[in-house]
Amino acid sequence: MKLGIIGTGTIVQEFLPGLSTLDGLKLQAILSTPRSLEKAQKLSREYGIVSVVTDFASLCQTDIDTVYVAIPNSLHYEYCRRALEQGLHVICEKPLATNMREAEALACLAEKQHLMLFEAITNQHMATYQKIREWLPRIGAVKMVQSQYTQYSRRYDAFKAGEILPVFDPAKAGGALADLGVYCLHFVLGLFGTPLQYKYYPNIERGIDTSGIMVLSYPGFQALCLAAKDCQGNAFSIVQGDKGSIRCDAPPNTMGKIILALNDGTREEFVDDSAAERQLPEFRNFIRALNSADYAYSRRLFAHSLAVCRVQTEARLAAGIKFPSDAV
């Protein structure tokens with residue numbers, strides 16, 4: 001994989017130390033705005049990125065075969081589309097798109113171009129998450145599920161003071177559901193599929209959800225996804241059955257240690273030692289799929305991302321939260 005990175009923000013700076021060590025990947029280029037050029041040049045020196053460019057056309061001339069889109073939500077669709085049209089595979093930061101219409105358009109284009117399109121959603125690729133799948137039959141019939149990610153945003157004070165940054169900007173497709181709640185949705189839907197019914201109950205300020213609760217109804221049980229950027233609380237996920245429970249006391253994007261507790265007193269723990277470098281498991285899978293041309297794998301992952309996007313889009317719109325792209 002010869003990778004071109006679009007963006008120089010926090011997520012890029014977090015994953016580059018680990019990404020630069022992966023086999024089967026070459027950090028070919030990074031695209032930055034002129035304003036962030038100095039930052040991009042510093043990242044290039046530190047992690048051996050071959051080229052630094054400031055426009056998309058130049059990025060496409062750097063001998064890349066894949067792009068990683070790590071820019072504000074409202075720009076995901078445009079840059080994913082442009083990359084696919086140029087014959088490039090795409091890895092896009094969550095959320096994949098601002099709404100279902102955009103996601104379906106990207107899916108059609110990727111299929112037409114015979115290219116892979118991945119949503120970078122960490123929990124689906126972690127050993128902890130796979131262990132939860134393995135343990136599920138042991139807790140009997142599932143009765144209740146909850147995934148919670150509440151984290152007071154350092155940008156919320158600025159928002160209350162009148163400064164609207166992208167994460168709280170409806171025009172930039174921000175909000176708690178798009179930023180944190182999407183991890184909770186992936187956690188639940190990745191285990192149980194698309195719910196029968198779902199509804200989002202948000203706290204809305206200036207047209208955006210600063211926090212909210214999604215209720216999802218499945219045959220025989222209910223699930224709750226709670227995300228907040230306006231208050232601080234515990235981050236955890238728990239699946240409760242009639243024979244026991246599986247609990248993870250960490251945010252649903254990092255996972256970490258999980259605990260199986262059965263009604264008969266059995267207790268087991270599983271720790272994923274790689275959880276500190278949360279982006280690496282997904283990138284290892286993306287590299288393997290691309291280097292081995294495993295299109296069936298990429299389609300399975302994308303089908304899951306589409307299901308999450310549909311729930312997210314429909315629930316958000318029903319709650320009265322609208323983005324500019326919804327009017328197209």
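A short reminder: the numbers here are calculations on the coordinates, not readings from a lab. Given the structure is predicted, the values throughout are model-derived calculations rather than measurements. Neighbour counts run over all protein chains shown; Cβ positions are idealised from the backbone, glycine included.
Structure summary
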read-out: On Cα atoms only, tilt of 182-192 relative to the major axis of the chain in degrees; value: 60 degrees
read-out: Förster radius 56 Å - calculated FRET efficiency between N263 and T54, Cβ distance, rounded to 0.05; value: 0.40
read-out: GNM result for the chain, Cα springs below 10 Å: residue of G256, G241, G233 fluctuating most strongly; value: G233
read-out: FRET efficiency for E205 and E14, using Cβ-Cβ distance with R0 set to 25 Å, rounded to 0.05; value: 0.35
read-out: Zone of S36's modelled label, taken as backbone nitrogen in region 62-104 under 11 Å from a point 7 Å along Cα→Cβ; value: 69-73
read-out: Angle between the chain longest axis and helix 10-19 axis [Cα atoms, degrees, rounded to 10]; value: 90 degrees
read-out: Qualifying chymotrypsin sites (Phe, Trp or Tyr not before Pro) for region 163-230 [loop in DSSP, other Cβ within 10 Å: at most 13]; value: none
read-out: Cysteines (scope the chain) whose Cβ has no counterpart Cys Cβ under 4.7 Å; value: C60, C80, C92, C108, C231, C248, C309
read-out: Kirkwood-type radius of region 2-119, with distances r between different C-alpha atoms, in Å; value: 14.2 Å
read-out: C-alpha long axis of helix 295-318 to longest principal axis of the chain, angle in °; value: 70 degrees
read-out: Computed over region 119-267, Kirkwood Rh from alpha-carbon pairs, angstrom; value: 16.0 Å
read-out: Per-residue Cβ neighbour rank within 10 angstrom, fewest leading, L3, L280; value: L280, L3
read-out: Theoretical FRET efficiency, 1/(1+(r/R0)^6), r = Cβ-Cβ of E111 and A318, R0 30 Å, to 0.05; value: 0.55
read-out: Rg/Rh (Cα only; Kirkwood hydrodynamic radius) as it applies to the chain; value: 0.96
read-out: Within the chain, percent of DSSP bridges classed antiparallel, to nearest 5; value: 60 percent
read-out: Cα centroid separation - region 203-271 against region 115-174, whole Å; value: 10 Å
